[in-house]
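As structure tokens, the structure follows; a few thoughts come after it.
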């Protein structure tokens, strides 16, 4: 289900999720109505904005999790600061995405959380890892080339392939090749996973 107060954003999310073969079983435009929708629709995953009228996304997440911890929660918001990221996690959120990222990031997050995993948008992964890795040891030697690291830095900022190609003055096919090599070298399942691995191992700071 989708909990988002802006109708156009809600419609866009629904379109993207449906195109990704994810069923949208309910929608709500505020944090109060959302609880009734959750009870009636019994979603596997709730996508929740933080800035909701009536009840904010943090309070709604906490209420949903207290009622049924099996419901996965993916926060989708413009806010990327550590305060909001960790407040959402403390409330029980299983995933956190920023609205400036590609729709594919939200789709990946929903699938991961539905499967019982956690998911962090590459744009906030470094914030999460920095909190839990404040006493990290020396970074490992990177298996990536300098150009692959350039591509991975942009992936971590939430850039899509076309944007990366434009910013690095590369062909789209070249960028896709670099992404494929990055995933292989890091044994990563997807782009977000690659960014998390890179931050954890100290390849990106």
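The values are calculated or read from the model by the stated rules, or taken from the named source; none is laboratory data. These figures come from a predicted structure and were not determined experimentally. Glycine gets a Cβ as well: all are built from the backbone with ideal geometry, and neighbour counts include every protein chain shown.
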Quickly run through the range 177-205 and pick out the residues that are at pLDDT 90 or above and exposed (fewer than 15 other Cβ atoms within 10 Å of the Cβ).
177, 180, 184
Extreme residue, surrounded by the most Cβ atoms within 10 Å (Cβ to Cβ), among residues of the range 80-101 that are closer than 19 Å to residue 159 by Cβ and over 10 Å from the mean Cα position of the chain (by Cα)
80
Of the conditions (1) in a helix (DSSP H, G or I); (2) modelled with pLDDT of 90 or more; (3) over 18 Å from the mean Cα position of the chain (by Cα), residue 170 satisfies every one except a single condition; which number is it?
(1)
Residues of the range 144-167 satisfying the condition of being in contact (Cβ under 8 Å) with a residue 24 or more places away in the chain and farther than 16 Å from residue 192 by Cβ
144, 147, 148, 149
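Are any residues in the range 37-61 in contact with a helix residue (DSSP H, G or I) (Cβ under 9 Å, 6 or more places away or on another chain) and assigned to a helix (DSSP H, G or I), and if so, which ones?
38, 39, 57, 58, 59, 60, 61 - these are the residues of the range 37-61 that are in contact with a helix residue (DSSP H, G or I) (Cβ under 9 Å, 6 or more places away or on another chain) and assigned to a helix (DSSP H, G or I).
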Take the residues in the range 47-95 that are more than 23 Å from residue 36 (Cα to Cα) and touching a strand residue (DSSP E or B) at 6+ places or on another chain (Cβ under 9 Å); name whichever of them is modelled with the highest pLDDT.
78
Among the numbered conditions (1) touching a strand residue (DSSP E or B) at 6+ places or on another chain (Cβ under 6 Å); (2) within 22 Å of residue 117 (Cα to Cα); (3) part of a helix (DSSP H, G or I), tell me where residue 34 comes up short.
(2)
Being touching a residue at least 40 places away in the same chain (Cβ under 8 Å), closer than 22 Å to residue 59 by Cα and surrounded by fewer than 18 Cβ atoms within 10 Å (Cβ to Cβ) is the filter here; which residues of the range 7-49 pass it?
9, 41, 44
